[in-house]
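Each reported figure results from applying straightforward, stated rules to the coordinates on display, with no laboratory input. Note that the structure is a prediction, hence the values are computed from the model and not measured. Positions of Cβ are backbone-derived with ideal geometry, glycine not excepted, and every protein chain shown enters the neighbour counts.
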Amino acid sequence: MSRFYGGLPSYTIILLAASLMAAPALADDEPRAGTLALADQLFDHASRQAAELAALDYVSPADDLPAVFRDLDYDGYRKLRPRPETMVWGEAGNAFAALPLPRGGLYDEPVIIHFVAASGDVTQRSASEFIDFVDFPQASDADRAGLGMSGWRAITQPSIAGTGYEFAVFQGASYFRAVGEAGVYGVSARALAIGAGSPTGEEFPRFTDFWILEPQADDGSLFVIALADSPSVASAYRFILTPGASTIIDVQADIHPRTDIAEAGLAPLSSMFLHTPADPGAQIDDRPEVHDSDGLAIVSANGERIWRPLANPAHVQVSEFTGTPAGFGLQQRQRTAEAYGDPEALYEKRPTVWIEPQGDWGAGSIRLLEIPTDTEYADNIAAFWRPADPWRAGDVQRFAYRLHWTSNADAPAPGQVIATQVVQAPSSYGASPVSRFTISFAGDANAATTLHPDVWSAGGTISNISLNPEAGGIAQLAFDLDPGAAQQIELHAALTDDSQQQTETWLFRWTPE
């Protein structure tokens, strides 16, 4: 999954290789009131091109990766080392730089990267300019010329020692990732998902072109336009990347269905979850916890806060949360290194990603997909918003949203779930498998004495409900669940006072181990 084309000359019109058609040149008398105005013009061009593509039959990408780079494994691909000194716009004084990434191995599909100067002039470069081939002496000049690009890295403050760092990467299908300062890559986003969780299989739209706009010295954001294509849809995107303690990516999308689409997934996130103390039956190794994200958080339109701990189920499961939210995201709430016991993976530094819809998304629901896994090297979690109504061929779907990539290192907000633990209840040893749930809510220890448990289930029998204020302002709710013969039970828990709910709504799906 990926893309590029290399070795093409500079040009001053916008070439869209997917159809080999040139969009109109940017007229000299058109306004250029900064990077945003230029980005808007480019986005309009890309959206028109996506509409034209959607009216045509889909054309698969060329299968032209040179053989020497074709069957590389993970370690082999890493030997195609990008050369940081070749970064585009990496000179002193620039706010941002871009470093193209090569095709190779799994990243076999080409991406065309257009570097857009402040004047509007557009240049393409050969991938071989950016790569160290020291581990590929067998690669001929023709092999190197045909390598092509699969994506690119975004670097902030590239020329300032100790300050500059890579904060985002776009590579593979329509995947992209970002981190805040001192963060470590984890959860991924995608431009669009089609058929995620469907029994008929999933389609992966792929970026075919990027236009990366030259940053100015005082720019706080990097502007990027992208074109994506797949058998069912062609689409255009405008990304505004703003790094910082929390990196923000603003997304504007014009989506042009080529066919009717009943299972679209907007603002999709992908992550990995192996195990936590909430699902001891899934524990595969001696580390207490292994995950890039530990829960799905939702703020509903009416302000209700929902927390759904993730699971590594025995079978694929899909959960649906109806309504268009004020925000949602996959979070990494466990931030202590001791909780993971893995000084190399640094799971405590993996980002939380929070999505804020902009404008009216219409009716729909959030979907959570959980897939069984026995390895930490593959994403088995997906979360996205699915529109209630199918998209029709020939229409255009316009959406905007903001993604926050953050360390989430601040103290938990009052009422937030900070831990979930599931063990076998002491009274059930040697008997039927009754589970003891313990949920820890952050808050004021004094306030916890005035709160009341609100616990119920759709199936099974709940008993032994207790609420115990703990040191540090934590309210610990515990209860037992006897599943009986049930194979799936939906659980609900929260804390209320005499007037209203005071905590997140904790939701959990129990299934047999």
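For LYS79, LYS349, the sequence from fewest to most other C-beta atoms within 10 Å is LYS79, LYS349. The angle separating the long axis of helix 35-54 from the principal Cα axis of greatest extent in the chain is about 90 degrees. A straight chain from ASP395 to ALA345 at 0.36 nm per residue would run longer than the Cα-Cα distance by 13.6 nm.
Taking amide H as placed 1.01 Å from N in the peptide plane, PHE96 has its amide H under 5 Å from the amide H of GLN157, each at least 5 places away in sequence or on another chain. For region 267-389, the relative contact order works out to 32 percent when only alpha carbon pairs closer than 8 Å and six or more residues apart are counted.
Once the Cβ-Cβ distance between VAL184 and ARG287 is put in as r, and R0 is 25 Å, what FRET efficiency do you end up with, to the nearest 0.05? So the FRET efficiency works out to roughly 0.95. Residues in region 141-146 carry Karplus couplings, in order, of 4, 5, 4, 5, 5, x Hz; the curve used is 6.51 cos²θ - 1.76 cosθ + 1.60 with θ = phi - 60°, and Gly or Pro positions show x. Across region 354-364, computed HN-Hα scalar couplings (Karplus, 6.51 cos²θ - 1.76 cosθ + 1.60, θ = phi - 60°) run 10, 10, 10, x, 10, x, 8, 8, x, 7, x Hz from first to last residue, x flagging Gly and Pro. By the count of neighbouring beta-carbon atoms within 10 Å, fewest first, SER198, SER128, SER235, SER174 end up ordered SER198, SER128, SER174, SER235. For ALA278, nonlocal amide neighbours, meaning residues 5 or more places apart or on other chains whose placed amide H falls under 5 Å from its own, are VAL422. Extending 7 Å from the Cα toward the beta-carbon at both ALA117 and ASP454 defines two label points whose distance is 6.2 nm. Arrange PHE223, PHE133 by Cβ neighbour counts within 10 Å, fewest through most, would you? Starting with the residue having the fewest Cβ neighbours, the order is PHE133, PHE223. Kindly identify region 267-389 as rounded, prolate or oblate by the Cα gyration tensor criterion: order the square roots of the eigenvalues as a ≥ b ≥ c, call it rounded if a/c is under 1.5, otherwise compare a/b with b/c, prolate if a/b is larger, else oblate. It is prolate, given that a/c is not under 1.5 and a/b is the larger ratio.
Our estimate of slack between ALA301 and GLN421, defined as 0.36 nm per intervening residue step minus the Cα-Cα distance, is 40.3 nm. Based on Cα contacts under 8 Å between residues 6+ apart, the chain shows a relative contact order of 12 percent.
Between GLY327 and VAL299, the built amide H atoms are under 5 Å apart, and every one of these is 5 or more places off in sequence or on another chain.
Across region 207-212, rounded Karplus estimates of 3J(HN,Hα) from the backbone phi angles (6.51 cos²θ - 1.76 cosθ + 1.60, θ = phi - 60°) give 5, 10, 9, 10, 10, 9 Hz, Gly and Pro being marked x. Peptide packing: for 332-345, 292-305, the average count of neighbouring Cβ atoms within 10 Å per residue gives the ranking 292-305, 332-345, highest mean first. A crude spin-label estimate for the pair ALA145 and THR511, with each label 7 Å from Cα along the Cβ direction, gives 5.3 nm. Think of the chain as a dipole: +1 on every Lys or Arg Cβ, -1 on every Asp or Glu Cβ, centred on the Cα centre; then among ALA51, ALA262, GLN500, ALA51 lies furthest on the positive end.
Considering the dipole of the chain built from charges on the beta carbon (Lys and Arg +1, Asp and Glu -1) around the Cα centre, which of PRO433, GLN476, ALA337 is farthest to its positive end? With unit charges placed on the Cβ atoms, the residue in question is ALA337. Working from label points 7 Å from Cα in the Cα-to-Cβ sense, the ASP374 to GLU202 distance is 2.2 nm. The simple Förster model, with R0 at 22 Å and r as the Cβ-Cβ distance, assigns LEU106 and ALA51 a FRET efficiency of 0.10.
Classify region 15-262 as rounded, prolate or oblate, taking a ≥ b ≥ c as the square roots of the eigenvalues of its Cα gyration tensor: rounded when a/c is under 1.5, otherwise prolate if a/b is larger than b/c and oblate if not. It is rounded, given that a/c, with a ≥ b ≥ c, falls under 1.5. Oblate is the label for region 283-347. Its Cα gyration tensor axes, ordered a ≥ b ≥ c, give a/c of at least 1.5 and b/c at or above a/b.
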